[in-house]
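Below is one structure, written out as structure tokens, with a few remarks after it.
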Ligand SMILES: [Zn+2]
């Protein structure tokens, strides 16, 4: 079982990026890096909470 995050699920419809990881912390680290590099966005607690509501188990 892994956790998957997809930019499209948080409304970033022009980005096909997905991130998968074995743990929530690992996933958030990966998502934070992508958000900063690809979108120039620093994740804060609000964004993290929102992102986590869209994470799926795959
Ligand atoms: Zn993205």
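Taken together, the values in this text are just the output of simple stated rules run on the coordinates, not laboratory data. Keep in mind that what you see is a predicted model, and the values were worked out from it rather than measured. Cβ sites come from the backbone with ideal geometry, for glycine too, and all protein chains shown count toward neighbours.
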> Looking at region 1-15, which of the residues that are in contact with a strand residue (DSSP E or B) (Cβ under 8 Å, 6 or more places away or on another chain) and in a loop (DSSP other than H, G, I, E, B) is surrounded by the fewest Cβ atoms within 10 Å (Cβ to Cβ)?
Replying inline: 1
> Within region 25-57, which residues are surrounded by 12 or more Cβ atoms within 10 Å (Cβ to Cβ), over 10 Å from the mean Cα position of the chain (by Cα), more than 11 Å from the ligand (Cβ to nearest atom) and part of a helix (DSSP H, G or I)?
Replying inline: 26
